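A.B. asks: Here it is, the structure, as structure tokens.
A short reminder: the numbers here are calculations on the coordinates, not readings from a lab. Just so it is clear, the model here is predicted, and its values are computed rather than measured. Cβ placement follows ideal geometry from the backbone for every residue including glycine, while neighbour counts extend to all protein chains displayed.
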Amino acid sequence: MSLALIDYGAGNLHSVHNALKAAGAGDVHVTADPDIVAKADRIVLPGVGAFAHCMEALSAIDGMVAAMEQRVRVEGIPFLGICVGMQLLADAGVEHGTTRGLGWIGGTVRAIAPAADLKIPHMGWNDVLPTQGAPLIEAGEAYFLHSYHFDATDDADVLATTDHGGTLVAAVGRDNIMGVQFHPEKSQAYGINFLKRFLEWQL
């Protein structure tokens, strides 16, 4: 099984790569080559930083978004987005103006506005609460670091939530596509076990 870990200059690649290897991934390609992505059995899109910058960097790689679209949405291989990589699944993000996302899962990425007097960013360990029937997600604690959150159009696409002065989306997904707001690579045993389930995911 080959796995493409997409390198577009906006992800914590070394840590994610190490976590995938620790979870049992054998053939991991850290790549900016659309041809490798087009042949991969699984795709992971990491992401840190601002939505607009990440989307611009991903789109700047000639043929990358098209290769992802073909392999994931047409051919149906398992896909995982991490942090901003998950947020890019949305229709749009409103950080630094409105930027179009991939549009794979309906929603808008907006600034966190907690009801309570809590600090932003939402940083540190927090509960992950899976929705009923959510694939791969188990209840536990994971590491979060984000100031913007995924406001999903359809509640059916929300696979897990967490709480930071109000409910925030911790994971979204539909069919073969999944995204998590938390960082599996920073979530110790919980994160490694989640990645193991992703690697074993049969659709």
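A.B. asks: So what does the Cα-only Debye profile of the stretch 109-156 read at q = 0.21, 0.27, 0.28, 0.33 Å⁻¹, as log10 I(q)/I(0), no solvent term?
C.D. replies: Rounded to two decimals, the profile gives -0.95, -1.16, -1.16, -1.15.
A.B. asks: Please list 97-103, 130-136 highest first by mean number of surrounding beta-carbon atoms within 10 Å per residue. Mind showing how you got there, number by number?
C.D. replies: On the way: 97-103: 15.7, 130-136: 14.0.
Those peptides, ordered most packed to least, come out 97-103, 130-136.
A.B. asks: Still on this model: Report the per residue volume, in Å³, of the convex hull enclosing the C-alpha atoms of the stretch 65-111.
C.D. replies: 68 Å³
A.B. asks: Using only C-alpha atoms and all pairs of different ones, pull out the Kirkwood radius for the stretch 1-45 in Å with one decimal.
C.D. replies: Averaging 1/r across every pair of different Cα atoms and inverting gives 10.4 Å.
A.B. asks: Would you calculate, for the chain, the mean residue ellipticity at 222 nm contributed by helices, counting each DSSP H stretch of 4 or more residues as -39,500 (n - 2.57) and dividing by all residues, to the nearest 500?
C.D. replies: -6000 deg cm²/dmol
A.B. asks: So if I place +1 on the C-beta of Lys and Arg and -1 on the C-beta of Asp and Glu, and nothing else carries charge, what would the dipole magnitude of the chain be about its Cα centre? I want it in debye, nearest 20.
C.D. replies: Values: 12 positive and 23 negative charges, 51 e Å.
Once rounded to the nearest 20, the dipole reads 240 debye.
A.B. asks: Let me ask something else about it. Compute log10 of I(q)/I(0) for the chain with the Debye formula, placing one identical point scatterer on every Cα and leaving out solvent, at q = 0.09, 0.11, 0.17 Å⁻¹, to two decimals.
C.D. replies: After summing over all Cα pairs, the log10 values are -0.29, -0.44, -1.13.
A.B. asks: As an exercise, find the ratio Rg/Rh for the stretch 46-162 from alpha-carbon atoms, using the Kirkwood inverse-distance average for Rh.
C.D. replies: Reported Rg/Rh, Kirkwood definition of Rh: 0.96.
A.B. asks: I'd like to know which of H14, Q132, F194 lies farthest towards the positive end of the charge dipole of the chain, counting +1 on Cβ of Lys and Arg and -1 on Cβ of Asp and Glu.
C.D. replies: H14
A.B. asks: Out of the DSSP beta bridges found with both residues in the chain, what percent are antiparallel (nearest 5)? Working shown, then result.
C.D. replies: Working: 25 of 42 bridges.
About 60 percent, rounded to the nearest 5.
A.B. asks: Using only Cα positions of the stretch 133-203, each an equal point scatterer, no hydration layer, compute I(q)/I(0) via Debye at q = 0.11, 0.12, 0.22 Å⁻¹ and quote the log10 values to two decimals.
C.D. replies: So the normalised log intensities work out to -0.25, -0.30, -1.03.
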